[in-house]
Amino acid sequence: MMKLTVKSHQQTELIDITADIQRMVEKSGLQSGICMIFVPHTTAAVTINENADPTVKSDILGILNNVIPWEANYRHLEGNSPAHIKASLMGASEMIAVENGRLILGTWQGIFFCEFDGPRTRSVHIHFTKI
Amino acid sequence: MMKLTVKSHQQTELIDITADIQRMVEKSGLQSGICMIFVPHTTAAVTINENADPTVKSDILGILNNVIPWEANYRHLEGNSPAHIKASLMGASEMIAVENGRLILGTWQGIFFCEFDGPRTRSVHIHFTKI
Amino acid sequence: MMKLTVKSHQQTELIDITADIQRMVEKSGLQSGICMIFVPHTTAAVTINENADPTVKSDILGILNNVIPWEANYRHLEGNSPAHIKASLMGASEMIAVENGRLILGTWQGIFFCEFDGPRTRSVHIHFTKI
């Protein structure tokens, strides 16, 4: 397992980690296989989406914050229940194929760490499986 | 493949299956690899979230039930369309790394079977891949 | 890697690709392992849900379109921000076990390509891992 440290600076934030993950694939020496990205937190997640136009990130967060309001009749006393549900909706892991030492992503795809209860210092696990 | 039987007692319910999955990892003898948890139902799912404070579970279900109301202009005559969409949003599978025979989860993470159309007796498939 | 081409005919559409994926499993010769389905687009996704009653598909799309309206105060000028968030909510990949050359799905489960910004011609990647 490799670990990546991610620092978030907002309460909710999408952070592009594509280049970091590609660097770790190279460091691992994996030529052909699957790269599994796993977020070991319960108020953060990982997703794949467009990394060309930064307004996509802000619209995704805006929609999520609209659909799941920060203020409601929540029972969890830490007050971060919206962050927990967002984490489950986006998901704790992504699987991405590797060929010739490169992540196989679509033209517009990037890998985003999803912070839903920041700012915090977070950890991301990366696991590799040979095919 | 191993199978786990889960009995739900509510219409919507999150059931902590972390200890069951860990027991199956031990039974499988897997030391290092990936554990894949797959739910073979279309109105249930699996997710990873906090298993320390039980109010997180009830808030997650409360938010989902708010965002996707039980009553609406649905065409599917069985009346469980909200359960189907919730299943797709949470997802049919989770992948978790195994090292030294232990599931590699974050401090606060647990694995939850998500019942969205209970109460029922359900099945969960567990598959192991060596790294 | 194998590739499947999918043509969508609506703006939002769920397209059953179960038979196509099963055919590719057979073509690959894989007897026992994991089939990974990956969508290399940022306004499309893949999900597993009921493929018996077609009204389930239309209810799923109806709920998603209700929860995430097409018109809002979006910043992304292409106007397809709802498609991007739907793609992240449903997810870019699904993992399905293969035994004796067959996808191991539940009785009512099918694999659906999710078009959220069609109509378009799309691509789906299929990767196989032996167990």
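The values are calculated or read from the model by the stated rules, or taken from the named source; none is laboratory data. Quantities reported herein were computed from a predicted structural model and do not represent experimental measurements. Glycine gets a Cβ as well: all are built from the backbone with ideal geometry, and neighbour counts include every protein chain shown.
Considering only residues of the range C:107-131 that are of a type outside the set (F, W, Y), touching a strand residue (DSSP E or B) at 6+ places or on another chain (Cβ under 8 Å) and facing chain B (nearest Cβ under 8 Å), which is nearest to C:T43 (Cα to Cα)?
Across the range C:107-131, the extreme among qualifying residues is C:Q109.
Can you tell me which residue among A:G110, A:G101 is of a type outside the set (D, E), on the phi > 0 side of the Ramachandran plot and touching a residue at least 40 places away in the same chain (Cβ under 8 Å)?
Answer to the selection: A:G101.
Looking at this structure, is A:A52 crowded, with 19+ Cβ neighbours inside 10 Å and either assigned to a strand (DSSP E or B) or under 17 Å from the mean Cα position of the chain (by Cα) (or both)?
no
Restricting to the range B:1-54, count the residues that are of a type outside the set (A, V, I, L, M) and within 28 Å of B:E78 (Cα to Cα).
16
Sort out which residues of the range C:87-110 are closer than 22 Å to A:I37 by Cβ and under 16 Å from the mean Cα position of the chain (by Cα), and write them in order of number.
If the condition is that a residue be closer than 22 Å to A:I37 by Cβ and under 16 Å from the mean Cα position of the chain (by Cα), then C:A87, C:S88, C:L89, C:M90, C:G91, C:A92, C:S93, C:E94, C:M95, C:I96 are the ones that fit.
Right, A:K86: of a type in the set (K, R) and buried (at least 23 other Cβ atoms within 10 Å of the Cβ) or not?
Yes.
Just one of A:A72, A:A87, A:A83 is hydrophobic (A, V, I, L, M, F, W, C), over 29 Å from A:G106 (Cα atoms) and in contact with an Asp or Glu (Cβ under 9 Å, 6 or more places away or on another chain); which is it?
The unique qualifying residue is A:A72.
Which of (1) more than 23 Å from B:A45 (Cβ to Cβ); (2) surrounded by fewer than 16 Cβ atoms within 10 Å (Cβ to Cβ); (3) more than 10 Å from every other protein chain (Cβ to nearest Cβ); (4) at pLDDT 95 or above does C:R102 not meet, given it meets every other one?
C:R102 satisfies every listed condition except (1).
Taking A:G62, is it free of Cβ contacts under 8 Å to residues at least 60 places away in the same chain and of a type in the set (G, A, S)?
For A:G62, the condition - free of Cβ contacts under 8 Å to residues at least 60 places away in the same chain and of a type in the set (G, A, S) - is met.
For C:K3, are the conditions met, namely being of a type in the set (K, R) and either in contact with a Lys or Arg (Cβ under 6 Å, 6 or more places away or on another chain) or more than 14 Å from chain A (Cβ to nearest Cβ) (or both)?
Criteria not met by C:K3.
Any residue at all in the range C:69-84 that is away from chain A (no Cβ under 11 Å) and out of contact with any Phe, Trp or Tyr (no Cβ under 8 Å at 6 or more places or on another chain)?
yes
Suppose we filter C:K86, C:K7 for residues that are at pLDDT 95 or above, touching a Cys at 6+ places or on another chain (Cβ under 8 Å) and of a type in the set (K, R); which single one remains?
Within the list C:K86, C:K7, the selection yields C:K86.
Enumerate the pairs (first residue in the range C:1-16 and surrounded by fewer than 18 Cβ atoms within 10 Å (Cβ to Cβ); second residue anywhere and assigned to a loop (DSSP other than H, G, I, E, B)) with beta-carbon separation below 6 Å, excluding pairs fewer than 6 apart on the same chain, so at least 6 apart or on different chains.
Between residues of the range C:1-16 that are surrounded by fewer than 18 Cβ atoms within 10 Å (Cβ to Cβ) and residues that are assigned to a loop (DSSP other than H, G, I, E, B), the close pairs are C:H9/C:P119; C:Q10/C:G118; C:Q11/C:G118; C:D16/C:N51.
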